[in-house]
Protein chains: 4
Amino acid sequence: MTTASTTAADATRLRGVVPPILTPLTAEGELDVPSLERLIARQLEAGVDGLFALGSSGEVAFWDDAMREKILETVVGTVAGQVPVLAGVIDTETHRVIAHVREAEKHAIDGVVATAPFYAITGPEEVGTHFRAIGEAASVPVWAYDIPVCVHLKLAAEQLLELAADGAITGVKDSSGDDVSFRRLAAKNRAAGSPLTLLTGHEVVVDGAYLSGADGSVPGLGNVDPAGYVRMDRAARAGDWETVRTEQDRLAALMEIVFQPVGKVGPAAGVGAFKTALRELGVFSTNTMSLPMSPIEGDAVGRIRTILSEAGLLDAAR
Amino acid sequence: MTTASTTAADATRLRGVVPPILTPLTAEGELDVPSLERLIARQLEAGVDGLFALGSSGEVAFWDDAMREKILETVVGTVAGQVPVLAGVIDTETHRVIAHVREAEKHAIDGVVATAPFYAITGPEEVGTHFRAIGEAASVPVWAYDIPVCVHLKLAAEQLLELAADGAITGVKDSSGDDVSFRRLAAKNRAAGSPLTLLTGHEVVVDGAYLSGADGSVPGLGNVDPAGYVRMDRAARAGDWETVRTEQDRLAALMEIVFQPVGKVGPAAGVGAFKTALRELGVFSTNTMSLPMSPIEGDAVGRIRTILSEAGLLDAAR
Amino acid sequence: MTTASTTAADATRLRGVVPPILTPLTAEGELDVPSLERLIARQLEAGVDGLFALGSSGEVAFWDDAMREKILETVVGTVAGQVPVLAGVIDTETHRVIAHVREAEKHAIDGVVATAPFYAITGPEEVGTHFRAIGEAASVPVWAYDIPVCVHLKLAAEQLLELAADGAITGVKDSSGDDVSFRRLAAKNRAAGSPLTLLTGHEVVVDGAYLSGADGSVPGLGNVDPAGYVRMDRAARAGDWETVRTEQDRLAALMEIVFQPVGKVGPAAGVGAFKTALRELGVFSTNTMSLPMSPIEGDAVGRIRTILSEAGLLDAAR
Amino acid sequence: MTTASTTAADATRLRGVVPPILTPLTAEGELDVPSLERLIARQLEAGVDGLFALGSSGEVAFWDDAMREKILETVVGTVAGQVPVLAGVIDTETHRVIAHVREAEKHAIDGVVATAPFYAITGPEEVGTHFRAIGEAASVPVWAYDIPVCVHLKLAAEQLLELAADGAITGVKDSSGDDVSFRRLAAKNRAAGSPLTLLTGHEVVVDGAYLSGADGSVPGLGNVDPAGYVRMDRAARAGDWETVRTEQDRLAALMEIVFQPVGKVGPAAGVGAFKTALRELGVFSTNTMSLPMSPIEGDAVGRIRTILSEAGLLDAAR
C-alpha cells in the first residue's frame, strides 16, 4: 500500500462516526439515486466523520459488479469530498478482492475495506498473505473487516498488529461481537504506538468500545439516527461518560427495530428494519431489499414506527 | 423459591465484586484448606462484596459430590457470614441440579447458581421448566448462569425476564461473551423495574458492562487481584469513569497471564494461570489442577511472574 | 483396565445389535419397572446381541445417582446374563465418571461407556488422561462414546487407537455423525489388528457403516424395532447386501417418527418419539419423559401411529 | 429453467462418476493449459461419466471472472462433447450467481451448479427464492450444491424436493458430510418419483452413499484416480458390493494424502495434496496453488509419493 497523499480527506480523519450506508432501491430493485442522495445529505448534516459504502449493511454481497460501480459512483459524487469515503471490496478470495480494489480506486475514495478470505477454508498463513497482497495492490489505505458471522473466521489481534507493522493495513472495522478480544486488540495497539485505527460495528455497545479504546464506530443504525452517534462520539471525546451512556441507551432502544420482523434473519431483518425506518422517516421511497430478500411488511412496520416515535425521530420527520 | 429472610447477607447485597473462588489443591490433588483460607482472607481484606463457590473457575465440573461438599463447607465456614456466599449447583439436568441444591442448602449460603441443562439438547420449553423447577425447590435465591461456551446454549433476555417475573430467578451471571445481548438484557431489566441483579463474568470488559447496566462482576481474575476489581467498582458507583477505565486497563494487562501457557485450552490455561499466579504470590502452596488437567510448568511460569510484576502485584507479595 | 474374565458375556460378544435401552416412566415420573421388563423381553426375543443401559437414549443425563442405580439394577436383573450389558457412566469429568464406574461395577455388567470430558473445555492431553484414568480404574472393558452433539468435541481416530494400544479402551460407540471420520477410524483399526470393536449409533445408515467396517450398531430406534436391526446385521454378516439395504430403507422410513413432534428438539423429540411408539405398541404404559421434558401429544401421536403401521409394526402389536 | 434439448450429453447422463476437475497452474500462477488437457484426457480414458468444472476443488472461489472464463473455455473445448460438463456458478448471492450463469451458458455446458447464498445470513425463504430465480434464469439444468463447510447452511431435504417439483433444480451435489440427512433426502426423492439426481462429494464413503440411493459421485480424489471410482460405480450398478467395498477401501487409503501436509487447512491441504499427487504422477507440471495459498513442500511430498505407490498408482505412471 502506498499511503495516499494527505488531504483533508485522508485516513487519519477516519475517527468518529462512519456509518455503513445502505443501498436504497426502487420498487423494481434498481438503485434509487434520489433516496441515496437524501440519505447522504442527512448523514452530512448530522456531522458524520466519514461514510462506508459497499459494506454488509449496503448489501454488498448481493450486487454484481455493475451495481457496485454505480453505488460507489453515486456515493463519491454526492459526498464530493466533504468527508472521507471508504469502499468495501468484499469478495471470496484475494484475486477477486484485488479486482474490486482496482475498480474502486477509479473513484476518489479514501480507503478500502476487505475481509479475510471466505467460502474456502483458510488459516493464518493464507489470511496474512491475503492482506499483504491487498495492501501491496492498493494505492489507498486498507482496512481489515473482522466479521466472523459472515466470514466464519476471527482475525487475531496479534496478526492484525503484524499486518499493521508491515504497512499492509491501516485500521480495523470490528464486527466480531467479541468485546473481550477487542479490548486485547486495543491494548496491544496502544502498546505498539497505535498503528491501527479501531472502529466498532456494534451499534448498542459503542460506549464500552470507547472505554476499551475504540477510535469510533461504523454503526448500521447510524443510517437511521446519525445525529445520535455523533453526539455520543463528541461526548466520549470530552470525557462526558454520563452523556455517552444516556445516548447509547437511547440508541440501544432504537435498535429494537431489528427485532420486530417475524420469520426473518440476517440482513432481511436488520437492514430490512433500517430501510423500513428510513422509508417511514421519509428518507427512502421504498424498503425494497435485494433479491433474494423480501421487504418487511405487516404488523412489524407499525412496531417499527412506534419505536421510532419513542426515540424522538418520527415526529421530527413528519 | 421462597425469598430468604432479609439479613445482612441477603441477595440484595450481591452487587459489586463477587469473585468465583478457586479450589486450591495439595500436590496429591486433595483440597488444600490452608491455601483456601488464605485466598478467602485476602478476598475479604480487599473488600469484595460476596464470594461464589463451586463455579467454573472453582473447577466445579471436576468434583464428585464429596469434594463439592468439602469445598462448600470450608468456604462458608471461613467466610463466616462476613459477605454473602453463592454456591454453584452446576449439573447436566434438573433432577441432578436439585439434588445439589438440597446439599448446598445444608450450609449457610445466600443463593445458588444454576446453568441451563447441558449434554442433552434442550429448547426454550425445557429451559423454562428447568429454572422454574429449581426455583420452586430452592429456599434461597436462584441465579441463572449464562455460559454458552460450556452449556452450548444462550439464555434469551426475554426468557430471563419471564423467569424473574415468575419469581424463579433473582439474578444472572453473564459469561456469554455477548455484550450486545447483555445490553439488551440490562435495558429490558430496567424497563421491568430491575427484578434481576446482573453480574458480568468477563474480567477485561467490566467497565463497558457497568455502562450497560451491570450491577457488578464475577471475575475469575479477581482471585488474583480482588483489590483492583473493588477499586473499579467503587469508581463506577461514584461515576468516576476515568478511574474505571484506568483500573480496567491495568486488570486487562494482568489478564494476559491466561495466554502464557502453550498447548493448553479451557480451565487448564485460564484457571491454571490463576492458580500459578497465586502460588507465585505466596497464597497457594501449589498450582495443581484437578484430574485430568496438568499444571502449568516451564517458561510460562516466568512469563506469568513478569506480568504480575508489571501489574504491581509481585513485589507487594514477596 | 483389567480385562474381565472371559465368560459367555465378555466384551468380544459385543458385536451386532446393542440397543441403548430407554427408561420407561410412570405418569408420576418414577421408573416403570414392568414396562422396562417388557422392553427387555422384546429385545431378547428379537435376538439382540447386547444391551446398553444408561446411554443418551436412556436419558442418562437426567437422572440422579439413585435413579441410575435403580435402572441398572433392573436391567441387569432382568437380562440375567442372557446377553452382555454395557452401562453408561456419563458425567462431566474424570473423578465423577470414575465414581459412576465404582457404582456400576457393583452390578454384573460387561463394560462401561464413557464420553470425553464435557462442560469444561478440554484438549487432547486431557482427553487422553481422562480415558487412561478411567481404564485404570475400571475392572471391566471401557468403551469410548463419541457424541459431539452432546460433548462438543470429536474423538480423533489416532487418539482412539493410541488408547486401544495402551489397553485403556476396548471399543467405540460412534454417534459422531461423521461417516468420513468413521471410515478412517475403521481403516486404521483394521491396520492395527482390530484392537477396537466399532459400533455405530446412527440408525439410518448402519448399512454404510457395515461397509466401512462397523462391527455392529447401537440404534436408539432398535428400542422400537429390534428385529429389523437383527435381520440387517445377520444379512450383513452373510454378505447379502440387497437385504441389508432393503431392511435399512424400511428402518429409515420408520425413523421418520422422530420428525413428527412440532416444537421439540433433542431427546424431547427423538426419545419422546421412541417412547410414544412403544406406548402405541403396548410395550410402555406411558410416554412420560424426565423433567424438564414434556411428552409428545396431539397430532404427532397419530402421525407416529401411521408410520408404525406402514412399517408393519402396529398391526402385529395390536 | 427450460430443460435443454435432449442430446447425447443431457443431464440424464449425469450419473456415475463426475469428478470436480482441478485447475492446474504454471509456476507463475497462470492457467496451465497443457496440464489441464492431460488431466481431462486421463479422466476420459478412465471412463468418467461427466466433469464438473469450477467447483470447490477447482478453486472456484479464488478466480476472477476472466480466469473462470478461461478455465471453462478450456474444459469445454477439450472435452468436446464426449461427456457432459457441469459448470460451477458459485458466488455470494443471487444476482452474482445469475451473472455467472449468463457467462457459463456461452459455452456448451450441460448444467450449472449453485450453492445457497453465503456471506450474508439467509433463511429458508431466501434460499428458496434464490434457487427459483436461478432456475428461471438458466437455460440448462441447475444443480444445488450442498456444502455447509463453505456456505454455513444445510439444505433441507424437504426444500430440495419442493425446488425439484417446481422445476428449479434437477439434482443435488451433496458435500454436507451428513450421511443421515442424505439417506432421508434419497428416501424422499424416491418416494417423489426420483425427480432429483443425487451425487455425493465424499470420496471415502461413496459405497455407503450408493446403498443410501446415490446416483453417483463427484469425488475430488477422482482427479487422482478416476479409474478406481469408475470401477466402483460399475460394481455398484452390478450389485457386486464386495468389489464396491474393496475399491472404496483402496480409495480411502489413497485419500490419506490429504492428511500429510502439516500446518495447512482447507483446500491448501486437500486440493494441494491432489495437485501434488498429479505432479508426482506426471500429469501436472507444478503443484502451484492460487493466491493466497502456498504449495505443499518438504517431507509431505515424500509421504504422498509413498501413499501413491501403495495404491498402485505411482509405478504405473513413472
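The values are calculated or read from the model by the stated rules, or taken from the named source; none is laboratory data. What you are looking at is a predicted structure, and each value in this text was computed from that prediction instead of being measured. No Cβ is skipped: glycine too gets one built from the backbone with ideal geometry, and neighbour counts run over all protein chains shown. When the accessible area is computed, the model is the full protein with side chains, heavy atoms only, and any ligands, DNA or RNA have been set aside. Shrake-Rupley method; radii C 1.70, N 1.55, O 1.52, S 1.80 Å.
Just to be sure I understand, how many residues within the range A:270-279 are touching a residue at least 40 places away in the same chain (Cβ under 8 Å) and more than 10 Å from every other protein chain (Cβ to nearest Cβ)? Can you show your working first?
First, the residues of the range A:270-279 that are touching a residue at least 40 places away in the same chain (Cβ under 8 Å): A:270-271, A:274-275, A:277-278.
Next, from what is left, pick out any that are more than 10 Å from every other protein chain (Cβ to nearest Cβ): A:274-275, A:277-278.
Number of matching residues: 4.
Could you list, in sequence order, all residues of the range C:102-120 that are buried (at least 22 other Cβ atoms within 10 Å of the Cβ) and farther than 25 Å from C:GLY177 by Cα?
Hits for the range C:102-120 are C:ALA104, C:ILE109, C:ASP110.
Could you check D:HIS202 against (1) open to solvent by less than 10 Å² (accessible area, probe 1.4 Å); (2) under 24 Å from C:ALA214 (Cα atoms); (3) within 16 Å of the chain's Cα centre (by Cα) and say which number it fails?
(1) is the only condition that D:HIS202 fails.
Within the range C:259-284, track down each residue that is of a type in the set (Gly, Ala, Ser), surrounded by fewer than 24 Cβ atoms within 10 Å (Cβ to Cβ), at pLDDT 95 or above and over 14 Å from C:LEU221 (Cα atoms). Even if it seems obvious, please write down each step before you answer.
Residues of the range C:259-284 that are of a type in the set (Gly, Ala, Ser), as a first pass: C:263, C:266, C:268-270, C:272-273, C:277, C:282.
Then drop every residue that is not surrounded by fewer than 24 Cβ atoms within 10 Å (Cβ to Cβ), which leaves C:263, C:266, C:269-270, C:282.
Now narrow it down to the ones that are at pLDDT 95 or above: C:266, C:269-270, C:282.
If the condition is that a residue be of a type in the set (Gly, Ala, Ser), surrounded by fewer than 24 Cβ atoms within 10 Å (Cβ to Cβ), at pLDDT 95 or above and over 14 Å from C:LEU221 (Cα atoms), then C:GLY266, C:GLY282 are the ones that fit.
Restricting the search to the range A:233-255, which residues are more than 8 Å from every other protein chain (Cβ to nearest Cβ) and not β-branched (Val, Ile, Thr)? Walk me through it before giving the result.
Here is the first cut: in the range A:233-255, the ones more than 8 Å from every other protein chain (Cβ to nearest Cβ) are A:233-238, A:240, A:243, A:246-247, A:250-251, A:254-255.
Those that are more than 8 Å from every other protein chain (Cβ to nearest Cβ) and not β-branched (Val, Ile, Thr): A:ASP233, A:ARG234, A:ALA235, A:ALA236, A:ARG237, A:ALA238, A:ASP240, A:GLU247, A:ARG250, A:LEU251, A:LEU254, A:MET255.
Kindly indicate whether any position in the range C:285-301 is open to solvent by less than 30 Å² (accessible area, probe 1.4 Å) and within 21 Å of C:GLU45 (Cα to Cα).
At the first step, the residues of the range C:285-301 found to be open to solvent by less than 30 Å² (accessible area, probe 1.4 Å) are C:286-290, C:292-293, C:296, C:300-301.
In the following step, the residues that additionally are within 21 Å of C:GLU45 (Cα to Cα) were identified as none.
Within the range C:285-301, not a single residue is open to solvent by less than 30 Å² (accessible area, probe 1.4 Å) and within 21 Å of C:GLU45 (Cα to Cα).
Residue pairs, Cβ under 6 Å, 6 or more apart or interchain, first in the range D:133-146 and closer than 11 Å to D:ARG102 by Cα, second polar (S, T, N, Q). List them.
That search, which allows pairs on different chains as well, returns D:SER139/D:THR2.
Applying the selection to the range B:302-318, what residues are part of a helix (DSSP H, G or I), crowded, with 16+ Cβ neighbours inside 10 Å and within 14 Å of another protein chain (Cβ to nearest Cβ)? Explain how you work it out, then say what you get.
Taking the range B:302-318 first, the residues part of a helix (DSSP H, G or I) are B:302-310, B:314-317.
Adding the requirement that they be crowded, with 16+ Cβ neighbours inside 10 Å leaves B:303-305, B:307-308, B:314.
Answer for the range B:302-318, where residues must be part of a helix (DSSP H, G or I), crowded, with 16+ Cβ neighbours inside 10 Å and within 14 Å of another protein chain (Cβ to nearest Cβ): just B:ILE307.
Which of the strands (runs of 3 or more DSSP E) found entirely inside the range A:38-117 contain at least 2 residues meeting this: out of contact with any His (no Cβ under 9 Å at 6 or more places or on another chain)? Working first, answer last.
On the way: elements: A:51-53, A:85-88, A:111-115.
Here the list reads A:51-53, A:111-115.
In the range A:80-101, what residues are at the interface with another protein chain (Cβ under 7 Å from one of its Cβ atoms), among the charged types (D, E, K, R) and buried (at least 22 other Cβ atoms within 10 Å of the Cβ)?
A:GLU93, the sole residue that qualifies.
I need the full set of residues from the range B:121-146 which are more than 8 Å from chain C (Cβ to nearest Cβ), acidic (Asp, Glu) and open to solvent by 10 Å² or more (accessible area, probe 1.4 Å), in order please.
The answer is B:GLU136, and nothing else.
Kindly indicate the residue of the range A:23-35 that is under 19 Å from the mean Cα position of the chain (by Cα) and among the hydroxyl-bearing types (Ser, Thr, Tyr) and also surrounded by the fewest Cβ atoms within 10 Å (Cβ to Cβ) among those meeting that condition.
Filtering first and then ranking leaves A:SER35.
For the range D:229-257, name all the residues that are of a type in the set (A, V, I, L, M, F, W, C), open to solvent by 20 Å² or more (accessible area, probe 1.4 Å) and farther than 22 Å from D:ASP49 by Cα.
D:ALA253
Residues in the range D:174-196: is at least one in contact with a Pro (Cβ under 9 Å, 6 or more places away or on another chain), farther than 30 Å from D:ARG305 by Cα and touching a residue at least 24 places away in the same chain (Cβ under 8 Å)? Steps first, please.
Residues of the range D:174-196 that are in contact with a Pro (Cβ under 9 Å, 6 or more places away or on another chain), as a first pass: D:175-178, D:189.
In the following step, the residues that additionally are farther than 30 Å from D:ARG305 by Cα were identified as D:178, D:189.
With touching a residue at least 24 places away in the same chain (Cβ under 8 Å) added as a condition, the list becomes D:178, D:189.
So far as the range D:174-196 goes, yes, one or more of its residues are in contact with a Pro (Cβ under 9 Å, 6 or more places away or on another chain), farther than 30 Å from D:ARG305 by Cα and touching a residue at least 24 places away in the same chain (Cβ under 8 Å).
Report yes if some residue within the range A:122-137 is within 18 Å of the chain's Cα centre (by Cα) and under 30 Å from A:ALA80 (Cβ atoms); otherwise report no. Working first, answer last.
Going residue by residue through the range A:122-137, those that are within 18 Å of the chain's Cα centre (by Cα) are none.
Checked against the condition, which is being within 18 Å of the chain's Cα centre (by Cα) and under 30 Å from A:ALA80 (Cβ atoms), the range A:122-137 yields no hits at all.
Considering the range A:36-66 alone, what residues qualify as being of a type in the set (Gly, Ala, Ser), surrounded by fewer than 22 Cβ atoms within 10 Å (Cβ to Cβ) and away from chain D (no Cβ under 14 Å)? Talk me through it step by step, then tell me what you get.
Within the range A:36-66, the subset of a type in the set (Gly, Ala, Ser) is A:41, A:46-47, A:50, A:53, A:55-58, A:61, A:66.
Next, from what is left, pick out any that are surrounded by fewer than 22 Cβ atoms within 10 Å (Cβ to Cβ): A:41, A:46-47, A:66.
Within the range A:36-66, A:ALA41, A:ALA46, A:GLY47 qualify.
Failed condition for A:ASP215, given (1) away from chain B (no Cβ under 14 Å); (2) more than 20 Å from B:VAL205 (Cβ to Cβ), with all others met?
(2)
Would you point out the residue of the range B:160-180, among those that are open to solvent by 20 Å² or more (accessible area, probe 1.4 Å) and not in a helix (DSSP H, G or I), that is farthest from the other protein chains (Cβ to nearest Cβ)? Before you say what the answer is, go through the steps one by one.
Here is the first cut: in the range B:160-180, the residues open to solvent by 20 Å² or more (accessible area, probe 1.4 Å) are B:161-162, B:165-167, B:170, B:176-180.
Restricting the remaining residues to those that are not in a helix (DSSP H, G or I) gives B:166-167, B:170, B:176-178.
Working: B:ASP166: 14, B:GLY167: 17, B:THR170: 19, B:SER176: 10, B:GLY177: 6, B:ASP178: 7 Å.
Looking at the filtered set, the residue picked out is B:THR170.
Can you tell me which residues in the range C:257-269 are away from chain B (no Cβ under 14 Å) and either over 30 Å from C:GLU297 (Cβ atoms) or assigned to a loop (DSSP other than H, G, I, E, B) (or both)?
Of the residues in the range C:257-269, the ones away from chain B (no Cβ under 14 Å) are C:257, C:259-260.
Hit for the range C:257-269 is C:GLN260, nothing else.
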